[in-house]
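A quick write-up on the structure given underneath.
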Amino acid sequence: MIEIAGLTKSFGPNQVLRGVNLTVQAGDSMVVIGGSGSGKSVLIKHIIGLLRPDAGMVLIDGTDISTLKDKELYEIRRKFGMLFQGAALFDSMSVWENVGFALLRSGMREREAKVVAIEKLRLVGLKDVEDKMPSELSGGMRKRVGLARAIAHNPEILLYDEPTTGLDPILADSINELIIRMREKMKVTSVAITHDMHSAYRIADRIAMLFEGRIVQEGTPDEIKNTSNDLVKQFITGSAQGPIKVEGISF
Amino acid sequence: MYNFLLALGQTLIRFTKITGEIVLLMWAVLREFLLPPYEIKNTFKQAMEIGIKSVPVALVTAVFTGMVLALQTVTGFKRFGAESLVGSVVALSMTREMGPVLTGLVVAGRAGAAMAAELGTMRVTEQIDALETLAVKPVKYLVTPRFTSALFMMPALTILSDFVGILGGYAVAVWLFGMSSVLYWHRAWDNLELSDIYNGLIKAAFFGGAVAIVSCYKGFYTEGGAEGVGKATTGAVVISFMTILISDYFLTAWLFK
């Protein structure tokens, strides 16, 4: 279970998170929606401890990771897998070395790690790519490899940073399906951030909208669809007109 | 006046901040160096990149430096009839000064730039974040091996440069100017002390460590996409060069009393 309470974070004069409260039950799929610059990425980076909060708490199964020492934090990170927006594959390594990276680091033999890597690649729908280099793969394939790497050490929590951004609609939906399959097969808790509403409805048990550093509404996909909140309504219908102003543009 | 003071203050604050961050990175590198697990495989890979692959450039640099030193000495010292000193001049210049400094500059230009560009690209494509999510400490995995390799490979490269530089001087003095081969070696060895060589190697190790730390720092804290990587790389080379040239004076003053 992930519990976030009163999370605030500033970068210089720029206050990005202004007291975020959010709970994700174990086994749930939470999708955080919000516009560009709403602080989604900063939020997800706090969940895995890549950033430390200025104030507030991030509890992972009851442990507050914001106050942990480095060593304990690295221990708790083993519970996590994260898929990055651009996949963030290590471009100096082959595909299987990427997928098996955490296993190799924890002392598994190369041969065994490669077997696991190939199995995880199958799980994300890829075969015969294990000896390729990341630069030889298409964008969609790189995301799949990134996902295979994220699940290689059987994490309990999966984080997705804009999983469908930059993919065509069909590829994007295949990633959505993969995310759903991961949850069913591996029983993981997942948190995704996205501004792709189609994807959000497909993969979410619950949706939360982040606006100006706060969660303005949280609920099931149906509750979000039928929202009475003007901010949320404008965002999910994708309208330039409404209470959310587009910065720097005037007609 | 106000603007001048403002700019001065901001520069000072930035300088202090960067110095502090470099010291902290240095501290983290040393801690990770001492704590197991050790990055042996990775360190060898980096030693290959930084050391072995720099050998050709370092050798060409050294041989021509030795050659030009001999050429200048023979032609210049002729004015007061001291051209027989060429062996000493080449040997002392190479071991005390040219060997470490020029090898340092070569390593900064080759390996330092590569470190900054590689780490910078890893930063902007979130590969460094990815390392952390896979429970691997980026400093331990990326910076410590580069630092250790540079620290040990620089003296190794330098001793090669020293030797090859002296040989280059020999070629010019003996083959081109017809000086006695015995005289060249006699002058070279007799006036050379062991301390000239090892103090030069201490300099080299310092330059190696400094280049690695500065370049990794620049790469590690890159921001702003492709342009940022370019800036980080340029910055790494410029700061490395400055660090080598400025610290060289103080190291010389301290080591060669």
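The values are calculated or read from the model by the stated rules, or taken from the named source; none is laboratory data. Worth saying up front: this structure is predicted, and the values here are computed from it rather than measured. Positions of Cβ are backbone-derived with ideal geometry, glycine not excepted, and every protein chain shown enters the neighbour counts.
Scanning for something within 14 Å of another protein chain (Cβ to nearest Cβ) and farther than 25 Å from A:GLU184 by Cα, does segment A:117-127 turn up at least one residue? Looking for residues that are within 14 Å of another protein chain (Cβ to nearest Cβ) and farther than 25 Å from A:GLU184 by Cα, one finds none in segment A:117-127, hence no.
Let's see how each residue does on (1) exposed (fewer than 12 other Cβ atoms within 10 Å of the Cβ); (2) assigned to a helix (DSSP H, G or I); (3) over 19 Å from the mean Cα position of the chain (by Cα):
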residue	(1), (2), (3)
B:ILE22	no, yes, no
B:TRP27	yes, yes, yes
B:PHE33	no, yes, yes
B:LYS53	no, yes, no
B:THR61	no, yes, no
B:PHE64	no, yes, no
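With respect to the stated conditions, B:PHE147 fails to be among the hydrophobic types (A, V, I, L, M, F, W, C) and surrounded by fewer than 20 Cβ atoms within 10 Å (Cβ to Cβ). Any residue at all in segment A:85-97 that is over 23 Å from A:ILE193 (Cβ atoms), loosely packed, with under 15 Cβ neighbours inside 10 Å and without any contact (Cβ under 8 Å) to a residue 24 or more places away in the chain? Yes, segment A:85-97 contains a residue that is over 23 Å from A:ILE193 (Cβ atoms), loosely packed, with under 15 Cβ neighbours inside 10 Å and without any contact (Cβ under 8 Å) to a residue 24 or more places away in the chain.
Answer yes or no: is there a residue in segment A:157-165 that is part of a helix (DSSP H, G or I) and under 13 Å from the mean Cα position of the chain (by Cα). No, segment A:157-165 contains no residue that is part of a helix (DSSP H, G or I) and under 13 Å from the mean Cα position of the chain (by Cα).
When B:MET115, B:MET94 are screened for being within 14 Å of chain A (Cβ to nearest Cβ), in a helix (DSSP H, G or I), surrounded by 20 or more Cβ atoms within 10 Å (Cβ to Cβ) and not basic (Lys, Arg), only B:MET115 passes.
Candidates are the residues of segment B:123-160 that are among the basic types (Lys, Arg) and in contact with an Asp or Glu (Cβ under 8 Å, 6 or more places away or on another chain); the one that is nearest to the other protein chains (Cβ to nearest Cβ) is B:LYS137. If you go through segment A:37-90 and keep only what is over 13 Å from A:ILE2 (Cα atoms) and β-branched (Val, Ile, Thr), you end up with A:VAL42, A:THR67. Listed by position, the strands (runs of 3 or more DSSP E) inside segment A:1-53 whose residues that are of a type in the set (Gly, Ala, Ser) number at least 3 are A:2-11.
Every test in (1) within 15 Å of A:ILE193 (Cα to Cα); (2) out of contact with any strand residue (DSSP E or B) (no Cβ under 6 Å at 6 or more places or on another chain); (3) of a type in the set (Gly, Ala, Ser) is passed by A:GLY49 save one, and that test is (1).
Filtered by the rule that a residue be within 8 Å of chain B (Cβ to nearest Cβ) and assigned to a loop (DSSP other than H, G, I, E, B), segment A:69-91 gives A:ARG78, A:PHE84, A:GLN85, A:GLY86, A:ALA88, A:LEU89, A:PHE90, A:ASP91. It is to be established whether one or more residues within segment A:57-65 are away from chain B (no Cβ under 13 Å), surrounded by fewer than 18 Cβ atoms within 10 Å (Cβ to Cβ) and out of contact with any strand residue (DSSP E or B) (no Cβ under 9 Å at 6 or more places or on another chain). Yes, segment A:57-65 contains at least one residue that is away from chain B (no Cβ under 13 Å), surrounded by fewer than 18 Cβ atoms within 10 Å (Cβ to Cβ) and out of contact with any strand residue (DSSP E or B) (no Cβ under 9 Å at 6 or more places or on another chain). So, in segment B:147-203, of the ones that are touching a Ser or Thr at 6+ places or on another chain (Cβ under 8 Å) and of a type in the set (D, E, K, R), which residue ends up farthest from B:LEU255 (Cα to Cα)? Only one residue tops the list, namely B:ARG187. The residues on offer are B:GLY178, B:GLY200, and the sole one that is part of a helix (DSSP H, G or I), out of contact with any strand residue (DSSP E or B) (no Cβ under 7 Å at 6 or more places or on another chain) and small (Gly, Ala, Ser) is B:GLY200. So for segment A:138-152 (the condition being farther than 15 Å from A:GLY81 by Cβ, in a helix (DSSP H, G or I) and at pLDDT 90 or above), does at least one residue qualify? Yes.
Condition test on B:PRO100, is it assigned to a helix (DSSP H, G or I) and within 14 Å of another protein chain (Cβ to nearest Cβ)?
no
Residues in segment B:118-134 that are crowded, with 24+ Cβ neighbours inside 10 Å and among the hydroxyl-bearing types (Ser, Thr, Tyr): B:THR133 only.
Examine segment A:101-111 for a residue that is farther than 23 Å from B:LEU142 by Cα and more than 13 Å from chain B (Cβ to nearest Cβ), and state whether such a residue exists.
For segment A:101-111, residues farther than 23 Å from B:LEU142 by Cα and more than 13 Å from chain B (Cβ to nearest Cβ): present.
Among the conditions (1) closer than 26 Å to A:MET182 by Cα; (2) within 11 Å of chain B (Cβ to nearest Cβ), A:MET30 misses just one, which is (2). No other residue among A:ILE193, A:ILE179 is in contact with a helix residue (DSSP H, G or I) (Cβ under 7 Å, 6 or more places away or on another chain), in a helix (DSSP H, G or I) and in contact (Cβ under 8 Å) with a residue 40 or more places away in the chain apart from A:ILE179. Against the list (1) surrounded by fewer than 20 Cβ atoms within 10 Å (Cβ to Cβ); (2) over 22 Å from B:VAL229 (Cβ atoms), the condition B:THR158 fails is (1).
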